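Student: First the structure, which I've put down as structure tokens, then a few questions once you've had a look.
Coordinate-derived values only; no laboratory data. These numbers come from a predicted model, not from an experiment. Here Cβ is always computed from backbone atoms with ideal geometry, including for glycine, and neighbour counts include all displayed protein chains.
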Amino acid sequence: MSEKSFVERRFEHDGSALVCRFFEPTLEPGGEYACVWTIGWKDREQRLKARGIDGVQALLLAMRSVHSELVESDAYKAGRLTFLEEGDLGLPPPWEPYVPEN
């Protein structure tokens, strides 16, 4: 089975495009879904998987993982990584812990 990238986002990184791709979530043998994501850094491609209970959760977790990787990068911290010339990358940030109301 071949992977198929179905959405991508292009960021500006030091005057060039930095492309992040998300691949169609697939059912894994253990019953969970996996969504492969990549970040095309200038010197390498970072490639990992996010897993969830269904395809939607796997995709959301992949987007959150990419968001975390980007905002932790030296380029982002130095203001050299943007989306539409803004610091907001337009990806879901990591979840905040759930705190029940009293």
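Student: Take the alpha carbon atoms of segment 5-79, find their radius of gyration, then divide it by 2.2 N^0.38 Å using N residues; give the quotient.
Tutor: On the way: Rg = 13.1 Å, N = 75, 2.2 N^0.38 = 11.3 Å.
The value comes to 1.15.
Student: For the chain, which span is the longest to avoid every loop-located (per DSSP) member of trypsin sites (Lys or Arg not before Pro) having at most 15 other Cβ atoms inside 10 Å?
Tutor: With trypsin sites (Lys or Arg not before Pro) excluded where exposed in loops, the chain gives 5-41 as its longest stretch.
Student: Helix-derived [θ] at 222 nm for the chain: sum -39500 (n - 2.57) over DSSP H runs of at least 4, divide by residue count, nearest 500?
Tutor: -6000 deg cm²/dmol
Student: At 7 Å along the Cα-to-beta-carbon direction for both R80 and R47, put a label point, then send me their distance in nm to one decimal.
Tutor: 2.6
Student: Still on this structure: Which ³J(HN,Hα) values, rounded to whole Hz and listed in residue order, are derived for segment 50-64 from phi using the Karplus coefficients 6.51, -1.76 and 1.60 in 6.51 cos²θ - 1.76 cosθ + 1.60 with θ = phi - 60°, glycine and proline given as x?
Tutor: 10, 10, x, 6, 8, x, 5, 5, 4, 5, 4, 5, 5, 5, 5
Student: With +1 on each Lys and Arg Cβ and -1 on each Asp and Glu Cβ, how big is the dipole of the chain about its Cα centre, in debye rounded to the nearest 20?
Tutor: 300
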